[in-house]
1. Each label point is 7 Å from the Cα along the Cα-to-Cβ direction; what then is the distance between the points at K295 and K22, in nm?
2. Which value does Rg/Rh take for the stretch 41-159 over its C-alpha atoms, Rh per Kirkwood?
3. How long, wide and thick is the stretch 79-149, going by the Cα atoms along their three principal axes, in whole angstroms, largest first?
4. Ignoring ligands, DNA and RNA, please state the percent of accessible area on the chain from carbon and sulfur, probe 1.4 Å.
5. Arrange the peptides 258-270, 66-78, 105-117 so that the one whose residues have, on average, the most other Cβ atoms within 10 Å appears first.
6. What whole-number value in Å² describes the accessible area per residue of the chain for a 1.4 Å probe?
7. How big is the shadow of the Cα convex hull of the stretch 153-310, averaged over all directions, in nm²?
8. Which peptide among 244-251, 125-132 comes first, and what is the full order, when sorted by highest mean count of other Cβ atoms within 10 Å?
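The values are calculated or read from the model by the stated rules, or taken from the named source; none is laboratory data. Here the structure is a predicted model, which means the values were calculated and not measured. All Cβ positions, glycine included, derive from the backbone under ideal geometry; neighbour counts span all protein chains shown. The accessibility values were calculated without ligands, DNA or RNA, using every heavy atom of the protein model including side chains. Shrake-Rupley method; radii C 1.70, N 1.55, O 1.52, S 1.80 Å.
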Amino acid sequence: MHNDKEFLVIINNSLDKISLDKQPENLYAPIEYSIEVGGKRIRPILCLMAAELFGAKYQEALNAALGIEIFHNFTLLHDDIMDKSNMRRGKPSVHCQWNENIALLSGDAMSVIAYKYISESKNLKEILNVFSDTALKICEGQQYDMDFEKTDNVSVEQYLNMIELKTAVLIAGSLVIGAVTANASKEDQDKIYEFGKNLGLAFQLQDDYLDTYGDIEKFGKPIGGDIVANKKTFLLIKALELANDELINSLSYWLKLEKFNKEEKISAIRDIYNKLGIADISKNLINHYFSKAEKSLNSVNVSADRKKVLEDFYKSMIYRVF
């Protein structure tokens, strides 16, 4: 079985072979830029790993994996516009490098290209159902995320549901598509989905944590962006839940302030988080979902030695924070 580093090379080489030297340039150049910026390729790697886990050759799932990665990058183009994020993986976001209209249209084109690759999959009907259901859930999650911007009281439960839809389902769906390619049983498809869902929740909670406490060189975008944008992350929601009147007043002051020094705001809110122990609370929840993911993977009806590659991969994700 191949490991994540080997699959990363395979996926990047396959993406490099996609011909995007087409006209109009302003439609295709942003797509090429988005793909070339890189990334960890977590979702297509997991798709190929799941295919091999259940006994298929990875080549049988490669087109689906490429479709998944292209689709993921499409969601990032639109997400950056909605979140007003100017950096992605250490480089200007597509809407900053070009403009918002170009980014929207190029993103739409990417979604079509993604479906073209998915359509070349083995067990097409079942895979198309999984992929389409996943894509719709991502839209639901993004809408909840936007709704939360205008909602004062968002609970931890509501937030976890939103990130499950927006982030975790694509990781889970990628694994299921690999499993379907290999004709895995429905029971094992469900178990590998649970593994991916919990892994995705841990991954997004890590991103929340790293946006406040991470290293800019490793994180790939400015630290504190969520704080500056008043983004309702787990850290902020939990802080609002735990804060006493004095700290609530301090949080409210910074959340309502329209003109401010970015570094001063980041420092002030991080200081409130530190007083409430939010970093440790976040780490504990991240660990909780990693433990659930491990339990789900252990329950898959495949020998332990075949699971080791997936096990090593998700454990490497833990070290982003710990």
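1. About 4.7 nm, to one decimal.
2. Ratio of gyration radius to Kirkwood radius for the stretch 41-159: 1.03.
3. 39, 28, 22
4. Carbon and sulfur together cover 48 percent of it.
5. Going by the mean number of other Cβ atoms within 10 Å, highest first, we get 66-78, 105-117, 258-270.
6. 48
7. Orientation-averaged projected area of the Cα hull: 10.6 nm².
8. 125-132, 244-251
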